[in-house]
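Trainee: Questions regarding the structure given below will be posed in turn.
No lab work stands behind these numbers, since they all come straight from the coordinates. Values in this document were obtained by computation on a predicted structure and should not be read as measured data. Cβ sites come from the backbone with ideal geometry, for glycine too, and all protein chains shown count toward neighbours.
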Amino acid sequence: MRQITHQISVHTQGRKLYDITPEVTAWAEYSGFKTGLITLYIQHTSASLLINENYDHDVLVDMEAFFNRLVPDGDPLFIHTIEGPDDMPAHVRSALTQTHLSIPLIDGKAALGQWQGIFLYEHRHVAGKRKVILHLIGE
């Protein structure tokens, strides 16, 4: 059994879902592993990771519409506003989604479903650089 790690940086341009599937799957295939488990971990508290449909862009639009209704910016409920009206909602959005993912590696490929993609979900409005750690254990 072997292990390898890698880091990808994603330059975000504000709140939306960024498809990182190509970077993750290319790295997994390049690894030379045939079977194993890919773990992704984001090192931030106002962005998250998720697997969702990558065929119809409307799914991503609808996800954002839902989160805008569920956790609106500037909600008077929040007292943590030092970094702006989108900061605390970004932390809540992150808590409601995921900071890590696990994807099986089978026959040298990430075992994603036909319409699945891997997304970094930026919850802040400001542009930034996000880091995602990739870990692969297998053989």
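Trainee: Rounded to the nearest 20 debye, what is the charge dipole size of the chain about its Cα centre when +1 sits on each Lys and Arg Cβ and -1 on each Asp and Glu Cβ?
Mentor: The dipole magnitude comes to about 440 debye.
Trainee: Now for a separate question. Which far-off residues, 5 or more places away or on another chain, put their amide H under 5 Å from the one on Lys16, with H placed in the peptide plane?
Mentor: Close amide H contacts, sequence-distant or interchain: Glu122.
Trainee: Per residue of segment 65-82, in order, report the coupling 6.51 cos²θ - 1.76 cosθ + 1.60 (Karplus, θ = phi - 60°) as ³J(HN,Hα) in whole Hz, putting x for Gly and Pro.
Mentor: Values per residue, Gly and Pro as x: 4, 4, 5, 4, 6, 6, 10, x, 5, x, 4, x, 4, 8, 9, 7, 10, 4 Hz.
Trainee: Please rank Asp107, Asp73, fewest neighbouring Cβ atoms within 10 Å first, as an exposure proxy.
Mentor: Lowest count first: Asp107, Asp73.
Trainee: Still on this structure: From the backbone phi of segment 29-41, what are the Karplus-calculated ³J(HN,Hα) couplings (6.51 cos²θ - 1.76 cosθ + 1.60, θ = phi - 60°) in whole Hz, Gly and Pro given as x?
Mentor: Working through the residues one at a time gives 5, 5, 4, x, 6, 9, 9, x, 9, 9, 10, 10, 9 Hz.
Trainee: What does the charge add up to near Gln7, with Lys and Arg as +1, Asp and Glu as -1, over the other residues with Cβ less than 13 Å from its Cβ?
Mentor: Taking every Cβ under 13 Å from that of Gln7, the sum is +2.
Trainee: With 10 angstrom as the radius, rank Lys34, Lys129 by how many other C-beta atoms surround their C-beta, starting from the fewest.
Mentor: Ordered from fewest to most neighbouring Cβ atoms within 10 Å, Lys34, Lys129 come out as Lys129, Lys34.
Trainee: Local charge sum around Glu122 (other residues, Cβ-Cβ under 9 Å, Lys/Arg +1, Asp/Glu -1)?
Mentor: After counting each charged neighbour, the total is +4.
Trainee: Let me ask something else. Which order, highest average first, do 55-65, 83-93 follow once you tally other Cβ atoms within 10 Å for each residue and take the mean per peptide?
Mentor: By packing density, highest mean first, the sequence is 83-93, 55-65.
Trainee: Same structure again: In deg cm²/dmol and to the nearest 500, what is the mean residue ellipticity at 222 nm of the chain if only DSSP H runs of at least 4 residues count, each as -39500 (n - 2.57), divided by the residue total?
Mentor: -7000 deg cm²/dmol
Trainee: Can you sort Tyr121, Tyr18 by how many other beta carbons sit within 10 Å, fewest first?
Mentor: Sorted ascending by nearby Cβ count, the order is Tyr18, Tyr121.
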